[in-house]
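Student: Here it is, the structure, as structure tokens.
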Amino acid sequence: MADSKTRQIKVDYLARVEGEGGLQVKIRDDQVQEVHLRIFEPPRLFEGFLRGRHFTEAPDITARICGICPIAYQMSAVHAMENACGASVGGQLRALRRLMYCGEWIESHALHVFMLHAPDFLGYEDAIQMSHMHPELVKDALYVKKVGNEIVSLLGGREIHPVNARVGGFYKAPARERLNELVERLRWARDATREAADILARLEFPDFEQDYEFVALSHPDEYPFCEGRIVSNKGLDFPIEEFYDRIEEEQVPYSTALHSRIRGRGAYHVGPLARFNLNYEKLSAGAREAARAIGLEPPCRNPFKSILARAVEIIYAFDEALRIIEQYEPPPEPAIAVAPRAGVGHGCTEAPRGILYHRYRIDGEGIIRDARIAPPTAQNQKIMESDLRELIGRNIGDDEEKLTLKCEQAIRNYDPCISCSCHFLKLEIDRTGGPDPT
Amino acid sequence: MSPVSSNSRPLVLGIGNRLRGDDGAGGMVAARLRAAMPTDAVDCRTLDGEVASIIDAWAGRRLAIVIDCAVSGAPPGSIRRFDATAAPIPALFAKTSTHGIGLPEAIELARALGLMPGRLIVYAIEGKRFGMDGRVSPEIEQALIKLTGMIEEDVESNNRRGGDA
């Protein structure tokens with residue numbers, strides 16, 4: 001092995017992702033030896049400190065896990081608790097939950113598509129640079145995001161870490177007039193997104209397809225937010241209660257987040273592309289038309305085109321929000337009564353980045369005795385590493401700068417949400433000849 | 001962005017989280033000014049730091065005054081004033097925003113997009129206590145009095161000149 005050549009690509013801090021993570025790649029003799037997506041954010045111990053708290057506190061506690069997708073945490077928590085207590089929320093309260101989720105998808109997707117991911121394709125360091133050449137695109141993106149903020153603010157009480165959701169419904173339901181005030185802006189923002197999607201469709205996408213197992217919720221009547229069975233394009237179809245019967249988690253030494261895999265199979269892919277591929281027929285007519293117009297058809301196996309799937313989902317979220325508002329009648333009560341009972345409850349909802357599963361065991365007084373949470377980014381870790389391994393293998397001749405950029409872009413395909421903190425990119429490339437140091 | 005509506009009232013924008021101690025200083029100043037000044041003289045608001053909402057709040061204003069908490073190593077309670085109308089502000093603000101888009105980035109984004117107010121003044125107040133109990137440090141308590149007075153003067157001076165920032 002004395003003549004072997006070893007290259008290392010190391011990104012200490014990933015930029016334009018949510019939280020603290022890095023990337024380490026080892027290449028030897030032009031073969032990818034090791035790909036480690038390192039998540040070194042300290043453990044946050046939410047599952048630990050949920051124990052001993054009242055079941056009604058779970059939505060507000062878990063919402064603090066993420067500043068970008070707090071609604072997802074609240075919705076998975078409330079559904080799990082209602083499942084444990086044998087309660088079911090329907091009618092306008094259910095519709096309001098979907099409406100609030102629309103707001104979160106719009107906020108989160110608009111931020112990622114236009115401010116974080118588009119600069120990769122257009123060759124800019126960040127959205128500020130991009131805004132000099134594409135001011136109208138960025139202006140529209142900011143407005144689209146703001147309209148998403150307004151939905152969350154109205155339903156949740158505030159834009160970030162909303163406080164109005166509760167087990168059984170809401171603390172306060174909005175007046176019809178308040179929702180009607182949003183309609184004009186929702187329409188404007190939907191049309192602006194539609195126009196922006198045409199620009200996104202003209203981006204240059206790497207020729208990169210993988211034979212993924214896509215996993216998402218599937219509901220018989222609607223594009224999934226809060227309910228459904230877990231399905232895949234390779235035959236999975238099971239109720240959410242069987243999540244841990246079908247999915248296993250493992251600890252790896254270089255990451256503080258557990259890696260998920262389908263038992264007996266391996267890595268799987270969750271998020272907008274999985275939802276789009278598995279639920280295309282449930283999209284609104286306008287979203288399907290937009291997808292066709294920008295050349296996005298299921299099955300799409302190119303993860304770089306997830307930016308298009310997100311744009312289509314923004315359009316869907318606007319359509320769905322408008323539909324819900326049009327049919328809205330204020331419910332007689334903002335919440336149904338939910339009495340605690342001893343048992344285990346499961347909740348699985350579609351966070352912007354993919355399925356988010358919660359399981360709680362509560363006692364007869366409603367005290368949480370055990371909690372487990374499987375966030376989408378943990379579920380996508382293995383598939384991100386698999387993409388990187390393949391991508392680097394195909395581009396092994398690129399210089400480090402080019403290869404590093406491609407790796408970062410490939411990671412951003414998944415909009416990883418490692419936590420709520422900031423970071424900067426510190427790049428270190430080490431090209432070493434000679435024996436393998438290990 | 002949607003059509004920008006012009007608003008001649010000066011905007012005082014406090015940025016931060018009132019549940020995290022000193023980080024809520026901006027909102028506290030905005031609340032004090034709201035109580036102290038007539039509503040037709042000033043528009044006082046509080047935001048959590050989300051970039052689209054910040055830019056939307058100040059776009060079309062003749063004068064916007066923003067207060068945010070800083071963590072730069074200066075003595076707690078220190079107040080610094082920057083005119084951001086024509087030049088970037090230093091990166092000394094608490095990096096609590098998601099995905100790294102905070103106040104300095106919001107200003108530069110607005111500048112690139114032509115969505116700056118006529119004049120943008122930024123006050124940085126150095127924080128010390130950011131605990132979950134929401135308690136504010138004594139240094140910030142003291143500084144709030146002074147800072148509220150300084151901004152009141154800015155607003156009155158602006159209004160005396162007929163809003164010609």
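The values are calculated or read from the model by the stated rules, or taken from the named source; none is laboratory data. Just so we're clear, the structure is a prediction, and the values are computed from it rather than from any experiment. Methodologically, a virtual Cβ is constructed for each residue, glycine included, from the backbone with ideal geometry; neighbour enumeration extends over all protein chains shown. SASA here: full protein model, heavy atoms, side chains in, ligands and nucleic acids out. Shrake-Rupley method; radii C 1.70, N 1.55, O 1.52, S 1.80 Å.
Student: Please report the carbon-and-sulfur percent of the accessible area for region A:46-379; probe 1.4 Å, protein heavy atoms only, DNA, RNA and ligands left out.
Tutor: 45 percent
Student: In the Gaussian network model of chain A, springs joining C-alpha atoms below 10 Å, which of A:E125, A:E82, A:E385 carries the largest mean-square fluctuation?
Tutor: Result: A:E125 has the largest fluctuation of those listed.
Student: Say we join alpha carbon atoms closer than 10 Å with springs in a Gaussian network model of chain B; which of B:T85, B:T39, B:T148 then has the biggest fluctuation?
Tutor: The residue that fluctuates most here is B:T39.
Student: What percent does the relative contact order of region A:352-411 come to when contacts are Cα pairs within less than 8 Å and at least six residues apart?
Tutor: So the answer I get is 25 percent.
Student: Would you tally the net charge around A:D237, using a Cβ to Cβ cut-off of less than 12 Å, leaving A:D237 out, and scoring K and R as +1, D and E as -1?
Tutor: +2
Student: Show B:D40, B:D22 ordered by accessible area, largest first, where the area counts protein heavy atoms only and the probe is 1.4 Å.
Tutor: B:D40, B:D22
Student: Rank these by accessible area, largest first, 1.4 Å probe: A:K234, A:K10, A:K402, B:K146.
Tutor: The ordering from most to least exposed comes out as B:K146, A:K402, A:K234, A:K10.
Student: With both partners inside region B:26-165, how many of the DSSP beta bridges are antiparallel, as a percent to the nearest 5?
Tutor: Looking only at bridges with both residues in region B:26-165, the antiparallel portion is about 45 percent.
Student: How large is ³J(HN,Hα) for each residue in region B:135-151, as worked out from phi by the Karplus curve 6.51 cos²θ - 1.76 cosθ + 1.60 (θ = phi - 60°), to whole Hz, x for Gly and Pro?
Tutor: Calculated HN-Hα couplings, in order: 6, 9, 6, x, 5, 5, 3, 5, 5, 4, 5, 5, 5, 4, x, 4, 6 Hz.
Student: Check which residues have an amide H placed less than 5 Å from B:I67's amide H, if you skip close sequence neighbours.
Tutor: The answer is B:L13, B:G14, B:I15, B:Y123.
Student: Assuming R0 = 30 Å, can you tell me the calculated FRET efficiency for the pair A:E248 and B:M132, based on Cβ-Cβ distance, to the nearest 0.05?
Tutor: With R0 = 30 Å, the Cβ-Cβ based efficiency is 0.30.
Student: Efficiency by 1/(1 + (r/R0)^6): what FRET value for A:D211 and A:D399, r their Cβ-Cβ distance, R0 = 45 Å, to the nearest 0.05?
Tutor: With a Förster radius of 45 Å, E is 0.95.
Student: With a 1.4 Å probe on protein heavy atoms only, tell me which residues of region B:53-86 lose at least 30 Å² of accessible surface in the complex relative to the chain by itself.
Tutor: B:S53, B:D56
Student: Here is a further query. Given a 1.4 Å probe and the protein chains all in place, what does the accessible area of A:R178 round to, in Å² to the nearest 10?
Tutor: About 120 Å², rounded to the nearest 10.
Student: If every alpha-carbon in region A:46-379 counts as one equal scatterer, what log10 I(q)/I(0) does Debye give at q = 0.12, 0.15 1/Å?
Tutor: With no solvent term, the Cα-only Debye profile gives -0.83, -1.28.
Student: Would you mind calculating the relative contact order of region A:256-348 from Cα pairs under 8 angstrom and at least 6 residues apart, reporting the percent as a whole number?
Tutor: Relative contact order, region A:256-348: 26 percent.
Student: Solvent-accessible area of A:R341, probe 1.4 Å, all protein chains present, reported in Å² to the nearest ten, please.
Tutor: Accessible area, nearest 10 Å²: 120 Å².
Student: Let me ask something else about it. Given a 1.4 Å probe and heavy atoms of the protein chains only, how would you sort A:H79, A:H132, largest accessible area at the top?
Tutor: A:H132, A:H79
Student: ³J(HN,Hα) across region A:273-287 via Karplus (A = 6.51, B = -1.76, C = 1.60, θ = phi - 60°), whole Hz, x for Gly/Pro?
Tutor: So the J values, rounded to whole Hz, are 5, 5, 4, 4, 5, 8, 9, 3, 5, 8, 5, 5, 4, x, 6.
Student: Here's something else I'd like to know. Can you show me the helix-derived [θ] at 222 nm for chain A, built from DSSP H runs with n ≥ 4 at -39,500 (n - 2.57) apiece and divided by the number of residues, rounded to the nearest 500.
Tutor: Taken over chain A, the calculation gives -12500 deg cm²/dmol.
Student: For chain A, modelled as a GNM with alpha-carbon contacts under 10 angstrom, which of A:Q379, A:Q74, A:Q129 fluctuates the most?
Tutor: Answer for the Gaussian network model of chain A: A:Q129.
Student: Here is a follow-up. ³J(HN,Hα) across region A:175-187 via Karplus (A = 6.51, B = -1.76, C = 1.60, θ = phi - 60°), whole Hz, x for Gly/Pro?
Tutor: Using θ = phi - 60°, the values come out as 6, 4, 4, 5, 5, 4, 4, 7, 4, 4, 5, 4, 5 Hz.
Student: While we're here: Hey, can you grab everything whose amide H is under 5 Å from the amide H of A:N233? Only 5+ residues off in sequence or another chain; H modelled, so Pro and N-termini drop out.
Tutor: A:F214
Student: Among bridges DSSP assigns within the protein assembly as shown, what percent are antiparallel (round to 5)?
Tutor: Of those bridges, close to 75 percent are antiparallel.
Student: Then there is this: Heavy-atom accessible area of A:D207 with all protein chains present, probe 1.4 Å, nearest 10 Å²?
Tutor: Approximately 140 Å² for this residue.
Student: Once amide H atoms are built 1.01 Å from N in the peptide plane, which residues 5 or more positions from A:A335, or in another chain, come under 5 Å H to H?
Tutor: Amide H neighbours of A:A335, under 5 Å, 5+ apart: A:F170.
Student: Before I look further, what does the protein assembly as shown give for accessible area per residue, probe 1.4 Å, in whole square angstrom?
Tutor: Ligands and nucleic acids excluded, the result is 39 Å² per residue.
Student: Step through the table entries A:K5/A:K26; A:K26/A:K402; A:K139/A:K402; A:K26/A:K382; A:K382/A:K402; A:K234/A:K382, compare each Cα-Cα distance with 19 Å, and write down the pairs that go over it.
Tutor: A:K139/A:K402; A:K382/A:K402
Student: So how far apart, in nm, are the two label points at A:E177 and A:E136 if each is 7 Å from Cα heading toward Cβ?
Tutor: 3.7 nm
Student: Hey, another quick one. In region B:11-157, if the dipole is taken from +1 on Lys/Arg beta carbons and -1 on Asp/Glu beta carbons about the Cα centre, which of B:A35, B:S72, B:G49 is farthest to the positive end?
Tutor: B:S72
Student: Nearest 100 Å² is fine: what is the total accessible surface buried where chains A and B meet, probe 1.4 Å?
Tutor: For A against B, buried area totals roughly 2200 Å².
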